[in-house]
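The structure under discussion appears below in the form of structure tokens.
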Amino acid sequence: MKKIMAGLTLLLLAFCAAAFSCSYYWLNNSGRITEMFDRRETVVGVIFEGDRHDSSWNESMLEAFEKIQDYNCRFVYVDFVHRGDGSFGAAVDKLVNRDKAEVIFSLGMQQPADMAQVCSEYPKVKFYTGYGEDSYPNVCGIVVRLYQAQYQAGMLAAAESKSGEIAIVAPMPNPVVIATVNAFALGARRIRPDAKIHVIWTNTFDNNAKVAAACDKILSAYPVDVTAQINQYREVLDICRRRGVKAIGVCRNLSEEYGEVLLGTVVWKSDDFIRTLIKDALEGRFSPASRFVSIDDDMQLVISGAVDSDNRSRIEDVGRRLRYTNRDVFYGPVRDNRGQIRIPAGHNLSDQAVVSRMDWYVDGVVEDVPAAGRK
């Protein structure tokens with residue numbers, strides 16, 4: 001009996017010693033142990049319309065993802081995905097089944113309809129999409145109010161224009177893009193009530209030759225001396241340089257290359273916002289409710305140093321007003337280009353109206369191009 005008790009005592013002492021050693025090791029190496037459990041890699045898929053190196057929206061998004069080193073993520077990119085040609089479904093299938101993606105970003109302007117078709121096939125995958133709907137439990141729509149900074153860009157264009165004739169080279173006329181054109185025009189008319197905003201639609205996001213032809217056409221048709229873009233193309237900036245026309249850039253600041261051309265650039269530093277979305281998806285806080293990005297979320301108009309201080313001050317004051325008051329860009333009274341009141345005095349236009357129902361132009365926007373243009 002004594003031998004049994006002695007053996008149990010030794011076993012108990014050995015257990016206590018082992019427990020103490022484990023506790024000591026845990027306290028001094030908890031970071032390493034936690035890291036062992038956290039080593040599982042999370043694959044995040046990113047789908048781009050057109051080339052990810054486009055000097056514009058896609059490349060600004062790419063730079064944001066490449067800044068994110070948290071959460072042990074590996075990013076897989078797919079380029080040249082377009083609406084309605086089957087490439088979106090094929091891209092998602094590849095990202096999920098080949099790369100094992102758990103989170104997929106598709107923040108372009110033409111993919112949400114295709115997103116709706118494929119998201120139900122992958123219910124465990126969390127999708128973030130450009131201005132998507134809230135009706136799918138695994139899809140969160142992201143609405144970027146880039147038009148707020150474009151309002152300031154319109155002010156800048158009008159302040160620097162001598163002719164009052166300003167052009168916008170725009171992709172496809174969906175409500176979000178039309179809202180951006182309208183916001184730009186409202187900003188321009190705030191500075192110069194007689195300003196005319198000539199918009200020409202390229203109907204493409206990645207056919208650079210088609211974009212260049214549209215830019216040449218609008219600049220030949222009117223005495224434009226400032227040109228803006230909704231999606232930035234170097235070809236447009238090259239044409240402006242050749243013609244002696246000033247330009248407003250967007251998404252990526254190319255002032256080092258086009259300093260003599262660019263008056264300013266609308267930019268959004270999106271990596272912090274994207275980091276939050278990834279963290280929400282991985283930590284169980286994903287929600288299909290739409291997320292809105294405003295001018296106070298690292299979005300701004302970066303103004304060139306060549307712009308005079310008075311104009312710079314007026315434009316920056318508007319930015320502060322948008323940040324700290326409840327008045328958005330689309331605050332009434334606002335008339336369309338046929339003279340009809342579209343937004344009553346004292347009212348903001350709802351986000352839903354901006355995102356899905358804006359199919360009209362504000363006063364000052366001109367869409368047509370004469371057959372025989374003026375040189």
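The values are calculated or read from the model by the stated rules, or taken from the named source; none is laboratory data. Please read all numbers here as calculations on a predicted model, not as lab measurements. In this analysis, Cβ positions are derived from the backbone assuming ideal geometry, glycine residues included, and neighbour counts consider all displayed protein chains. Side chains included, ligands, DNA and RNA excluded: accessible areas come from the protein's heavy atoms. Shrake-Rupley method; radii C 1.70, N 1.55, O 1.52, S 1.80 Å.
Points worth noting:
- Accessible area per residue in Å² at 1.4 Å probe, computed on the range 44-140: 43
- The range 179-185 - phi-based ³J(HN,Hα) in whole Hz, Karplus 6.51/-1.76/1.60, Gly and Pro as x: 4, 5, 4, 4, 4, 4, 5
- Per-residue Karplus couplings for the range 239-246, computed as 6.51 cos²θ - 1.76 cosθ + 1.60 with θ equal to phi - 60°, are listed in order as 5, 4, 4, 5, 8, x, 9, 6 Hz, Gly and Pro entered as x.
- 5 angstrom amide H check on residue 142, placed H, neighbours 5+ away: 129, 130, 131, 132, 291
- Sorting 343, 303 by accessible area puts them as 303, 343; the probe is 1.4 Å, largest comes first, and only protein heavy atoms count.
- Quarter the surface of the alpha carbon convex hull of the range 227-337 and you get the mean projected area, 10.3 square nanometres.
- Share antiparallel - DSSP beta bridges, the range 224-345, percent rounded to 5: 50
- Over 29 Å (Cα to Cα) - which of 100/279; 94/279; 67/196; 162/217; 67/162 fall in this group: 67/196; 67/162
- Remark: C-alpha extents of the range 86-198 on the principal axes read 56, 23, 19 Å, sorted largest to smallest.
- Extending 7 Å from Cα along the Cβ direction at residue 217 and again at residue 323 yields two label points whose distance is 4.0 nm.
- Per residue, the Cα convex hull of the range 162-251 amounts to 87 Å³.
- Label-point gap, in nm, between residue 367 and residue 76 - each point 7 angstrom along Cα→Cβ: 4.1
- Take every pair of alpha-carbon atoms less than 8 Å apart whose residues are at least six positions apart; their mean separation over the length of the range 225-308 yields a relative contact order of 27 percent.
- When both bridge partners sit in the range 248-312, DSSP labels roughly 60% of those beta bridges antiparallel.
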